1. Looking only at the stretch 152-175, which residues are open to solvent by less than 30 Å² (accessible area, probe 1.4 Å) and among the hydroxyl-bearing types (S, T, Y)?
2. Across the stretch 63-91, what is the total count of residues that are open to solvent by less than 10 Å² (accessible area, probe 1.4 Å) and more than 30 Å from C23 (Cβ to Cβ)?
3. Cβ-Cβ under 9 Å, sequence separation 6+ or interchain: first residue in the stretch 201-218 and more than 26 Å from A48 (Cα to Cα), partner of a type in the set (K, R) and surrounded by fewer than 24 Cβ atoms within 10 Å (Cβ to Cβ). Which pairs?
4. Could you grab the pairs with beta carbons closer than 8 Å, sequence gap of 6+ or different chains, first residue in the stretch 124-137 and of a type in the set (S, T, N, Q), second one open to solvent by 60 Å² or more (accessible area, probe 1.4 Å)?
5. List the number of the failed condition for M27; all other conditions in (1) open to solvent by 30 Å² or more (accessible area, probe 1.4 Å); (2) among the hydrophobic types (A, V, I, L, M, F, W, C); (3) under 18 Å from the mean Cα position of the chain (by Cα) hold.
6. Among the residues of the stretch 1-30, how many are polar (S, T, N, Q) and over 22 Å from T82 (Cβ atoms)?
7. Among residues belonging to the stretch 104-121 that are of a type in the set (A, V, I, L, M, F, W, C) and either open to solvent by 10 Å² or more (accessible area, probe 1.4 Å) or at pLDDT below 95 (or both), point out the one that is farthest from E26 (Cα to Cα).
8. Considering the stretch 70-103 alone, what residues qualify as being over 22 Å from G204 (Cβ atoms) and either modelled with pLDDT of 95 or more or polar (S, T, N, Q) (or both)?
Amino acid sequence: AGSVLTQIAEDQQGIDLEVLTGCTIEMGARIDVDGMGAAAGAGPGVGASVDYHGAGGGYGGEGGIGSNAPGGQTYGSYEMPTDLGSGGGSGSNYGTSLGGPGGGLVRLNVHGALTVDGQISANGGPGTGGYYNSGGGGSGGSIYLTVGALAGGSAIAAIGGAGVAGGTAGGGGGGRIAVHCDADSYTGTYLATGGSVGTGGQRGGAGTVFIKRSSETLGELDI
């Protein structure tokens, strides 16, 4: 409890772990790569920047429109997500109203049981600025779990970052979560929602949650 596992911001590679036995994230602990994806104005689903208004970055869901700035597009795999989230568009280039960064990547291959009583998160970062110079939210990133069994009752989240509250920026699109498992007793919450906005922007589009148990042929996709 109280410990955090995260990625090195400069390497842009995310967390990629193979656990030969079991893994428990205790209550109050977390694996956290929030805002560790592409920077503002970068990434394959980058949000646009038009007339001091930034749009949200896209990934699992499209980025929200910021005034006249189009949101970033979707990309990547819902079944085996390994991409980083994209940055939101900035309101200006002066460092005062930047887009939020995208979420990072968590890839866990656990041969035994993964118990999530704490949190796993790859959320996008919020935009900064004010009403006339509004940065868009970054998109959520990737959480890709291959486990013998999934248990626990906490949160697994890849939420899009918020556009500037009270501004005109767009929210970031939700990220992508995928779970491949033999057994599933998990009672917690999956969150891949789009980022919220102020009064003048558009909320980010919903991301994807894909669950496939070994007894299933196709699995279940939620948007």
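1. T168 - this is the single residue of the stretch 152-175 that is open to solvent by less than 30 Å² (accessible area, probe 1.4 Å) and among the hydroxyl-bearing types (S, T, Y).
2. Step one: filter the stretch 63-91 for residues open to solvent by less than 10 Å² (accessible area, probe 1.4 Å), giving 63-64, 66, 69, 72, 81, 85-89, 91.
Subset that is more than 30 Å from C23 (Cβ to Cβ): 63-64, 66, 69, 72, 87-89, 91.
The total comes to 9.
3. Final answer for the pair search is L218/K212.
4. These pairs meet every condition: T128/T96; T128/L98; N133/Y52; N133/T96; S134/Y52.
5. If we test M27 against (1) open to solvent by 30 Å² or more (accessible area, probe 1.4 Å); (2) among the hydrophobic types (A, V, I, L, M, F, W, C); (3) under 18 Å from the mean Cα position of the chain (by Cα), just (3) comes out false.
6. Here is the first cut: in the stretch 1-30, the ones polar (S, T, N, Q) are 3, 6-7, 12-13, 21, 24.
Still in the list and also over 22 Å from T82 (Cβ atoms): 3, 21, 24.
Qualifying residue count for the region: 3.
7. Of the residues in the stretch 104-121, the ones of a type in the set (A, V, I, L, M, F, W, C) are 105-106, 108, 110, 113-114, 116, 120.
Checking the rest, the ones that are also either open to solvent by 10 Å² or more (accessible area, probe 1.4 Å) or at pLDDT below 95 (or both) come to 105, 113.
Details: L105: 20, A113: 13 Å.
The selected residue is L105.
8. Taking the stretch 70-103 as the starting set, the residues that turn out to be over 22 Å from G204 (Cβ atoms) are 80, 93-96.
Across the stretch 70-103, the qualifying residues are M80, N93, T96.
The values are calculated or read from the model by the stated rules, or taken from the named source; none is laboratory data. Predicted model only: the values in this text are computed from it and were never measured. Don't worry about glycine lacking a Cβ; one is built from the backbone with ideal geometry, like all the others, and counts go over all protein chains shown. Accessible surface areas use protein heavy atoms only, side chains included; no ligands, DNA or RNA. Shrake-Rupley method; radii C 1.70, N 1.55, O 1.52, S 1.80 Å.
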